[in-house]
Amino acid sequence: MSFLKWNGIDPVKEFIGFENWFELLKDNIFRRALGNNFIIVILSIAIQLPIGMALAVLLDSGGRKLNLFKTVYFFPMLMSSVAVGILFKYVYDPQFGIVTAFLNAVGLKRLVLNWLGEPGVALYSVIAVICWQHIPFYMIYFLAAMTSIPGELFEAAWIDGATRGQYFWQIVLPLLKGTVRTAAILSLVGSLKYFDLIYVMTEGGPVNSTELMATYMYKNAFTTFKMGYGSTVAMALFLVVMVTSILVFSITKREERG
């Protein structure tokens, strides 16, 4: 369909060859969406994985007395992304939201912003919500890997005089290298195809500042009924995800052999 000019309804489909692809290469909005996707990729990996690891270490070292917190910390992951998006639209409300109320209460009224309405701030406000929702997944993922590490290693390190910090950096983290690599790949691929939370909170606005490839594809295909061009965006998204995944897998495989 990326080679067609079609509105998705009319039985007549016009074949236009690579015209949609040439238009895509000149499309500033698509380039902005691609850039936003990679910003989310970088910040998701940089924020979600370290915090997820820190929470996993905390819960692993706390034993059974912190079992309740394993459930509490996992709650955001159990919520629908649509529900989370609607919730945080109210949280970020510049007049009545919790963030505004907190800043006013602590005397930082000058920091109050239109969190989802300012082009320079909106994307990072949404990224904060994405991280809040998905950190629990990586926390449980890392915690499951840590529980598979034999307790004898900790006992041996403790007898040799190692601190908890030394045990983590010199024993736990090297053993979790494969787990961390897989988590980074999952975060990368998931961030490239993100859609629901962004669409609910901002619909790609304001001024395309939170536009992603998936939201741009949806708008072209199902809002403006440019099904051919929407299919072109979808194929471009597929190619970006596939090429990025192949590159990451090949790099990690090379590291494993090395």
- Item | Top-ranked residue in the stretch 122-136 [being among the hydrophobic types (A, V, I, L, M, F, W, C) and more than 17 Å from LEU212 (Cβ to Cβ); ranked as least open to solvent (accessible area, probe 1.4 Å)] | ILE135
- Give the residues of the stretch 85-121 that are closer than 12 Å to THR210 by Cβ and either surrounded by 12 or more Cβ atoms within 10 Å (Cβ to Cβ) or modelled with pLDDT under 90 (or both), sorted by residue number. GLY85, TRP115, LEU116, GLY117, GLU118, PRO119, VAL121
- Query: Among MET77, MET139, MET146, which is the only one that is open to solvent by 50 Å² or more (accessible area, probe 1.4 Å), in contact (Cβ under 8 Å) with a residue 12 or more places away in the chain and in contact with a helix residue (DSSP H, G or I) (Cβ under 6 Å, 6 or more places away or on another chain)?
  - Reply: MET77
- How many residues, within the stretch 202-233, are of a type outside the set (Gly, Ala, Ser), buried (at least 21 other Cβ atoms within 10 Å of the Cβ) and within 13 Å of ASP27 (Cβ to Cβ)? 8
- Contact list, first residue from the stretch 36-64 and open to solvent by less than 60 Å² (accessible area, probe 1.4 Å), second anywhere and acidic (Asp, Glu) and outside any helix (DSSP H, G or I), beta-carbon distance below 8 Å, six or more apart or interchain, is ASN36/GLU211
- Counting only residues that are polar (S, T, N, Q) and either surrounded by 23 or more Cβ atoms within 10 Å (Cβ to Cβ) or under 12 Å from the mean Cα position of the chain (by Cα) (or both), the stretch 177-201 contains a total of 2
- Query: Is there a residue in the stretch 32-50 that is closer than 18 Å to THR215 by Cα, among the charged types (D, E, K, R) and under 23 Å from the mean Cα position of the chain (by Cα)?
  - Reply: yes
- Can you name the number of the only condition in (1) at positive phi; (2) under 21 Å from the mean Cα position of the chain (by Cα) that VAL241 fails? (1)
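Okay, residues lined up against (1) under 20 Å from ILE42 (Cβ atoms); (2) not small (Gly, Ala, Ser):
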{"residue": "SER187", "(1), (2)": "yes, no"}
{"residue": "ALA214", "(1), (2)": "yes, no"}
{"residue": "SER231", "(1), (2)": "no, no"}
{"residue": "VAL248", "(1), (2)": "yes, yes"}
- Message: Taking the criterion of being β-branched (Val, Ile, Thr), out of contact with any strand residue (DSSP E or B) (no Cβ under 9 Å at 6 or more places or on another chain) and over 30 Å from ALA144 (Cα atoms), would at least one residue in the stretch 52-65 satisfy it?
- Response: no
- Query: Has the stretch 150-172 got any residue that is assigned to a helix (DSSP H, G or I), open to solvent by less than 60 Å² (accessible area, probe 1.4 Å), among the hydroxyl-bearing types (Ser, Thr, Tyr) and more than 22 Å from LYS193 (Cα to Cα)?
  - Reply: yes
- Message: Need the failing condition index for LEU239 against (1) in contact with a helix residue (DSSP H, G or I) (Cβ under 8 Å, 6 or more places away or on another chain); (2) part of a helix (DSSP H, G or I), just the number.
- Response: (1)
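The values are calculated or read from the model by the stated rules, or taken from the named source; none is laboratory data. What you see is a predicted model; the values in this text were computed from it and never measured. We place every Cβ from the backbone using ideal geometry, glycine too, and count neighbours over all the protein chains shown. With ligands, DNA and RNA removed, areas are computed over all heavy atoms of the protein, side chains included. Shrake-Rupley method; radii C 1.70, N 1.55, O 1.52, S 1.80 Å.
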